[in-house]
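Throughout, read-outs are computed from the coordinates displayed, never taken from laboratory work. Because the structure is a prediction, the values reported are computed rather than measured. Cβ placement follows ideal geometry from the backbone for every residue including glycine, while neighbour counts extend to all protein chains displayed.
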Amino acid sequence: MEIGTLFGIGVGPGDPDLITLKAMNTLKGVDVVFAAASTTNSHSLAEKIVTPHLKEGVLIKRLNFPMTRDRSILDAAWRENAEIVIKTLKKGQDAALITLGDPLTYSTFGYVMAKIRETTEEIPIKIIPGITSYQAGSASAGVILAEGEESFTVISGALGSENLKKVIDSTDTVVMLKVYRNYKEIFNTLHELDLTDRSVLISKCGLEGEMVCQDIKERPDSLPPYLSHLIIKKKNSG
Ligand SMILES: C[S@@+](CC[C@H](N)C(=O)[O-])C[C@H]1O[C@@H](n2cnc3c(N)ncnc32)[C@H](O)[C@@H]1O
């Protein structure tokens, strides 16, 4: 039996119109859709985006990824999920593993792909890029990420402002994802760096309740929702 293909599909940041034609057309052909189950509900959002594009009778399977930083627990979960995916593909079924935004940008897809590759080289894997959260965010906020000779750097705020301090002197614009948990500490660092009025907070981009805060000084205390990122533009453009 011919082995199925795994498609790592980015479904865009939330607005159902921001899925690509290629993602839509590929989704029409798969037999199984894998989506990560999570407490943040971003993955059920990915399911909602893809559902209108699936052929009838497609199975949607949730993969469990524990919310922990314990590397050995995570490693075991990635391996287990990779095995579930491999089993489906070995039945000759094509499958999609869907991701909010882009599958190679801070996504569980990367970990599962690595585990599949550790186990076997024979599975065909194709990746369909998605519009990232920060591309949609910069469009909503009207903020230029880079122009001319400028650079921009994408970092995670999951550990607080540690990464921000590392890159701030060597780049023109910083995009910071995963800011919600350590927002207060990140805010205080931006305040110390005199960058609060150059920092735009974008929450729930493309979704009901989207919020764009052009000057985060206006909301120093309120914690943003999980789907939030910051764009920190050090200089005025132009
Ligand atoms: C695990 S990362 C996923 C990134 C995603 N793969 C991408 O390409 O943008 C989750 C983070 O992405 C950002 N994010 C995702 N969707 C968003 C949205 N609709 N609005 C604002 N931020 C979003 C938030 O910073 C969130 O904490």
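Based only on other Cβ atoms within 10 Å, what is the fewest-to-most ordering of Phe65, Phe34?
Fewest to most other Cβ atoms nearby, the residues stand as Phe65, Phe34.
How far apart, in nanometres, would the label points at Lys178 and Gln214 be if each is projected 7 angstrom from Cα along the Cα-to-Cβ direction?
About 3.1 nm separates the two model spin labels.
Within 10 Å of each residue's Cβ, count the other Cβ atoms and sort Met113, Met1, Met176, Met211 from fewest upward.
By the 10 Å Cβ count, ascending, the order reads Met1, Met211, Met113, Met176.
Sort the following peptides by mean Cβ neighbour count (other Cβ atoms within 10 Å, averaged over residues), highest first: 127-135, 194-202.
Numbers: 127-135: 22.0, 194-202: 19.3.
Final packing ranking: 127-135, 194-202.
About the Cα centre of the chain, what is the dipole size in debye to 20, counting +1 per Lys and Arg Cβ and -1 per Asp and Glu Cβ, all else neutral?
My answer is approximately 520 debye.
Which whole-angstrom value gives the distance between the alpha carbon centres of region 140-176 and region 50-118?
With region 140-176 and region 50-118 each reduced to a Cα centre, they are spaced 29 Å.
Once a ≥ b ≥ c are taken as the square roots of the eigenvalues of the Cα gyration tensor of region 6-128, is the result rounded (a/c under 1.5), prolate (a/b larger than b/c) or oblate (a/b not larger than b/c)?
Oblate is the answer for region 6-128, as a/c is 1.5 or above yet b/c matches or exceeds a/b.
Which one, Met24, Met67, Gln93, projects farthest toward the positive side of the charge dipole computed for region 6-128 from Cβ point charges (K/R +1, D/E -1)?
Result: Gln93.
Compute a Gaussian network model of the chain, connecting alpha carbons closer than 10 Å, and tell me which residue from Glu192, Glu83, Glu162 fluctuates the most.
Per the Cα network of the chain with a 10 Å cutoff, Glu192 tops the list.
Using only DSSP helix segments of four residues or longer, with each worth -39500 (n - 2.57), what per-residue ellipticity at 222 nm results for the chain after dividing by its residue count and rounding to 500?
Mean residue ellipticity at 222 nm (helix-derived): -9000 deg cm²/dmol.
With charges only on Cβ, +1 for K and R and -1 for D and E, what is the dipole size of region 101-238 about its Cα centre, in debye, rounded to 20?
That gives region 101-238 a dipole magnitude of about 240 debye.
Going by how many other Cβ atoms sit within 10 Å of their own, how do His53, His191, His229 line up, fewest first?
Lowest to highest Cβ neighbour count: His191, His53, His229.
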